[in-house]
């Protein structure tokens, strides 16, 4: 008889781990109530994870990670692999980046920590989202937004260069995402076609923040060589200190060249030869590239970073003027479900109210949220909340692909174009 009591005690403690609460009394109350009402989706899932043989086997074999059902591999890196997965409660698709901690040296661990921290603070339609972080003794799992449309590099290599129309749509979204990052003091430092992803509805996502860096100000001096050589700015090859934003700008110029021509402006068989090409700064723009686009590329790919056009100037250039590139951004406090509990109900946005209602339907209560405060992305409650918030935002069109209308003069954006390399200036001003 004592042995049976011990088994019950162990089962309750294990169940408490997955029910997201530290209170054994609440757990006992839940056990008592199970005979009087149907279990919530959360209770059913956590019970299965502790008692269902099939679910336990999937957890043991790695076919489940936390609340996620893992499926096939969709990508890989030097120290990681990416797999498709489904959230067991919300049924949403996610991408899981799996890293082997035993293969990470001290520098790689610092970079990974920085990647997580930087993604924690970003919430934008054109920036890949981090939902949750799960850590085991041997592995680290980054639960990311799933971009099912593939990457820009594969798209161009298989289908050829983009049309002028598609290039505008894609580049405008990249520009919107990078400007948002720079406005939040984060430099990407590894922009390349492989790191530009498409969602299933063709919305562009800037991804892979492994080399990203948070700076104190935009003029902070950096000294680490980062990124892919064909996209690297001249100052990186000079082995000298550099300013972060112009490095991202240069890589955007290479990306734009690649989109409209299908080839890279600086290419060679070896890194040394690429270095010479970049330092020489010579490239050939095909005649089929439109004149406004050519002017933009030349304004970006300037060897001197101080002469390179800024993001605000790019926003107002003639080539992008017909594109609506404004995307609403979300305050970072919406990344934390604790706001649902601490904020006055009248202060919650419609999106937050919808997300809260969805959490309640799944069985996630205020108690669950309070018990997980301070864990940020290392909490399954945060993971569910961020997935639901993202779903709500997408349902109201936050991630609509920008459209191109007729060329309409916009005084606010037109004033940003006052730099001689990208437009012909005129001293004549006509007031109507």
The condition of being surrounded by 19 or more Cβ atoms within 10 Å (Cβ to Cβ), without any contact (Cβ under 8 Å) to a residue 12 or more places away in the chain and farther than 24 Å from residue 291 by Cα holds, among 236, 197, only for 236
Residue check: is residue 172 touching a helix residue (DSSP H, G or I) at 6+ places or on another chain (Cβ under 9 Å), within 21 Å of residue 128 (Cβ to Cβ) and either surrounded by 20 or more Cβ atoms within 10 Å (Cβ to Cβ) or at pLDDT below 95 (or both)?
-> yes
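Residues are listed down the side, and each one gets a yes or a no for (1) modelled with pLDDT of 95 or more; (2) outside any helix (DSSP H, G or I); (3) out of contact with any strand residue (DSSP E or B) (no Cβ under 6 Å at 6 or more places or on another chain):
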residue: 70; (1), (2), (3): yes, yes, no
residue: 73; (1), (2), (3): no, yes, no
residue: 86; (1), (2), (3): yes, yes, no
residue: 108; (1), (2), (3): no, no, yes
Would you mind stating whether residue 222 is surrounded by fewer than 21 Cβ atoms within 10 Å (Cβ to Cβ) and assigned by TED's automatic domain parsing to the domain that holds residue 258?
-> yes
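Yes or no, residue by residue, for (1) touching a helix residue (DSSP H, G or I) at 6+ places or on another chain (Cβ under 8 Å); (2) touching a residue at least 24 places away in the same chain (Cβ under 8 Å):
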| position | (1), (2) |
| --- | --- |
| 95 | no, yes |
| 107 | no, no |
| 112 | no, yes |
| 148 | no, yes |
| 164 | yes, yes |
Could you please give the count of residues in the stretch 382-407 that are in contact (Cβ under 8 Å) with a residue 24 or more places away in the chain and within 16 Å of residue 353 (Cα to Cα)?
-> 12
Residue under evaluation residue 287, criteria (1) under 23 Å from residue 179 (Cβ atoms); (2) part of a loop (DSSP other than H, G, I, E, B); (3) free of Cβ contacts under 8 Å to residues at least 60 places away in the same chain, criterion not met | (1)
List the pairs whose first member sits in the stretch 57-69 and is closer than 15 Å to residue 144 by Cα, whose second member is assigned to a loop (DSSP other than H, G, I, E, B), and whose Cβ atoms are under 8 Å apart, counting only residues at least 6 apart or on separate chains?
-> 67/88; 67/89; 68/88; 69/63; 69/88
Residue 278 fails exactly one of the following numbered conditions: (1) under 27 Å from residue 182 (Cα atoms); (2) in contact (Cβ under 8 Å) with a residue 60 or more places away in the chain; (3) assigned to a helix (DSSP H, G or I). What is the number of that condition?
-> (2)
Does residue 155 meet the test of being surrounded by 22 or more Cβ atoms within 10 Å (Cβ to Cβ) and either part of a helix (DSSP H, G or I) or under 14 Å from the mean Cα position of the chain (by Cα) (or both)?
-> no
(1) at negative phi; (2) without any contact (Cβ under 8 Å) to a residue 40 or more places away in the chain; (3) touching a strand residue (DSSP E or B) at 6+ places or on another chain (Cβ under 9 Å) all hold for residue 185 apart from (1)
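The values are calculated or read from the model by the stated rules, or taken from the named source; none is laboratory data. Here the structure is a predicted model, which means the values were calculated and not measured. We place every Cβ from the backbone using ideal geometry, glycine too, and count neighbours over all the protein chains shown.
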